[in-house]
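Let me begin by presenting the structure, written as structure tokens, before commenting on it.
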Amino acid sequence: MDTQRDVIIIGSGPAGLTAGVYTARANLKPLIIEGLLAGGQLMMTTTVENFPGFRDGIMGPDLMAEMRAQAERFGADIIQGDVTEVNIGRAPFSVVADGTTYTARALILATGASAKLLGLPAERALMGHGVSTCATCDGFFFRGRPIAVVGGGDTALEEAMFLTKFASKVTLVHRRDAFRASKIMQDKALANPKIEVAWNSIVDEINDTAKGEVTAIVLRDVSSGARRDVPVDGVFVAIGHTPNTGLFAGQIDLDENGYIVTGHGTKTNVPGVFACGDVQDHTYRQAITAAGSGCMAALDAERFLERL
């Protein structure tokens, strides 16, 4: 394995693998370092129906396997492992993964973001089987069925409003007695007849892992401690995302929420370093937009290297 590269791509979700396809086709012989969660968030998704080209849908892991194979077909090298150190101070940039140091003239950061979860054992067991962190990805599967949304910010209320297009009823679970969301979002949500708010409540349990599907949530009143079952077929956790930028802090410009700041396409404030996908996108967070920005990052990197 050649440790000196034109391009190193950190991350192997839709953004990273698309960047890999394009840089490999440009004969830049990229190295893709998969990271802790190879394939990104789509590895926790069942059927993906909104990715163009698959009219009958495709399983999330299958889509990522196809992207991975496509990148390899064009000459991208992919290694399994987690990056433990990155030096973006000056080119050549260095990346340490599993004790080996790799260097590159250009770097593409595609480390994604991780959805914040409630921390319940059933949450991960039922992820993709009734538990979701993306309403626009999975809302369609709950047409005519009762669901719950957990959260109280703009994102939670936006997702609750969106899900009323499909669900028979949306129970909006919030741990406080007032939302953190903007006033206009609160007014819209509270006026929607399909939304019922469970104030001062937290989700204690998600049933039923034995059946492999969501059948109900157990809510606990934070004031009285009283518990009650709420029958639902799906749970959407909307308490925010955390961008995976810990390795880059202090070396590159991040916004107040920790996302990489990009401009003029995918360029960061460090020449030769580019960012794509959910690590710099806190607005759309879709597989197709991540893939699109991965293409942009590859083209930006190619043009940067041509100018050197």
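The values are calculated or read from the model by the stated rules, or taken from the named source; none is laboratory data. The structure displayed is predicted, hence computed values, not measured ones. Virtual Cβ from ideal backbone geometry, glycine too; neighbours counted across all protein chains shown.
Tell me, yes or no, whether region 218-228 has at least one residue that is surrounded by fewer than 16 Cβ atoms within 10 Å (Cβ to Cβ), in contact (Cβ under 8 Å) with a residue 60 or more places away in the chain and among the polar types (S, T, N, Q).
The answer is no; no qualifying residue exists.
For Phe274, are the conditions met, namely being at pLDDT 95 or above, within 24 Å of Arg176 (Cα to Cα) and among the aromatic types (Phe, Trp, Tyr)?
So Phe274 does not fit the description; no.
Give region 161-184 a look and list any residue that's part of a helix (DSSP H, G or I) and either polar (S, T, N, Q) or free of Cβ contacts under 8 Å to residues at least 40 places away in the same chain (or both), or say none.
Once the filter is applied, which keeps residues that are part of a helix (DSSP H, G or I) and either polar (S, T, N, Q) or free of Cβ contacts under 8 Å to residues at least 40 places away in the same chain (or both), region 161-184 yields Met161, Phe162, Lys183, Ile184.
Answer with yes or no whether Glu205 is in a loop (DSSP other than H, G, I, E, B) and out of contact with any helix residue (DSSP H, G or I) (no Cβ under 6 Å at 6 or more places or on another chain).
Answer is no for this residue.
Tally time: how many residues in region 127-160 are surrounded by fewer than 24 Cβ atoms within 10 Å (Cβ to Cβ) and among the polar types (S, T, N, Q)?
Selection size over region 127-160: 2.
Specify the residue that is nearest to Asn244 (Cα to Cα); the eligible residues are those in region 53-71 that are in contact (Cβ under 8 Å) with a residue 24 or more places away in the chain and over 19 Å from the mean Cα position of the chain (by Cα).
So the residue we want is Ala71.
Being more than 29 Å from Gly53 (Cα to Cα) and either within 18 Å of the chain's Cα centre (by Cα) or touching a residue at least 24 places away in the same chain (Cβ under 8 Å) (or both) narrows it down to one of Thr289, Thr266, Thr245, so name that one.
Only one candidate passes the filter, namely Thr245.
Restricting region 248-263 to residues that are in contact (Cβ under 8 Å) with a residue 24 or more places away in the chain and surrounded by 14 or more Cβ atoms within 10 Å (Cβ to Cβ), which is nearest to Ile10 (Cα to Cα)?
It comes out as Phe248.
How many residues does region 18-52 contain that are touching a residue at least 60 places away in the same chain (Cβ under 8 Å) and either over 19 Å from Leu109 (Cβ atoms) or not assigned by TED's automatic domain parsing to the domain that holds Phe74 (or both)?
Residues meeting the conditions: 9.
Look through region 23-52, keep the residues that are crowded, with 22+ Cβ neighbours inside 10 Å and in a helix (DSSP H, G or I), and return whichever of them is farthest from the chain's Cα centre (by Cα).
Step by step, filter region 23-52, then rank; the result is Ala24.
When you scan region 91-123, how many residues do you find that are outside any loop (DSSP other than H, G, I, E, B), in contact with a helix residue (DSSP H, G or I) (Cβ under 8 Å, 6 or more places away or on another chain) and under 23 Å from Leu219 (Cα atoms)?
1
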